[in-house]
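> Pasting a structure here, questions to come.
The values are calculated or read from the model by the stated rules, or taken from the named source; none is laboratory data. The model shown is predicted, which means the values in this text are computed figures rather than measured ones. Here the Cβ positions follow ideal geometry from the backbone for every residue, glycine too, while neighbour counts run over all protein chains shown.
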Amino acid sequence: MEIALDKMTIPEKLGLMEALWADWGRHQEDVELPAWHARALRETAHRVAGGKETAVDWETAKNELRQRFP
């Protein structure tokens, strides 16, 4: 299947991305987690459990990343 992204409008592209993410979300169990990602998740969970890291909401995380990587 070939999709002509250069001919799509931004709203069409966003709709396509949303549809892809929604589909992926329904089939997550079919996707094998890479070893490096599983390791990173375990390390993060360990830091959270040990009180060395806390969760932040997505808006805060985006702002912190934008400040760190302008």
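> Can you tell me how many residues within the stretch 4-20 are hydrophobic (A, V, I, L, M, F, W, C) and surrounded by fewer than 10 Cβ atoms within 10 Å (Cβ to Cβ)?
So the first thing to find is which residues in the stretch 4-20 are hydrophobic (A, V, I, L, M, F, W, C), and the list is 4-5, 8, 10, 14, 16-17, 19-20.
Filter once more, keeping what is surrounded by fewer than 10 Cβ atoms within 10 Å (Cβ to Cβ): 4-5, 10.
Selection size over the stretch 4-20: 3.
> Only residues that are surrounded by 10 or more Cβ atoms within 10 Å (Cβ to Cβ), at pLDDT 95 or above and hydrophobic (A, V, I, L, M, F, W, C): list them for the stretch 23-44, please.
If the condition is that a residue be surrounded by 10 or more Cβ atoms within 10 Å (Cβ to Cβ), at pLDDT 95 or above and hydrophobic (A, V, I, L, M, F, W, C), then ALA40 is the only one that fits.
> Continuing with the same structure: Take the residues in the stretch 45-64 that are among the aliphatic types (A, V, I, L, M) and surrounded by 10 or more Cβ atoms within 10 Å (Cβ to Cβ), then tell me which one is farthest from ILE3 (Cα to Cα).
Result: VAL48.
> Against the conditions (1) at negative phi; (2) more than 17 Å from the chain's Cα centre (by Cα); (3) not in a helix (DSSP H, G or I), where does VAL48 fall short? Just the number, please.
Every listed condition holds for VAL48 apart from (3).
> Might you let me know whether the stretch 19-30 holds any residue that is out of contact with any strand residue (DSSP E or B) (no Cβ under 6 Å at 6 or more places or on another chain) and not in a helix (DSSP H, G or I)?
yes
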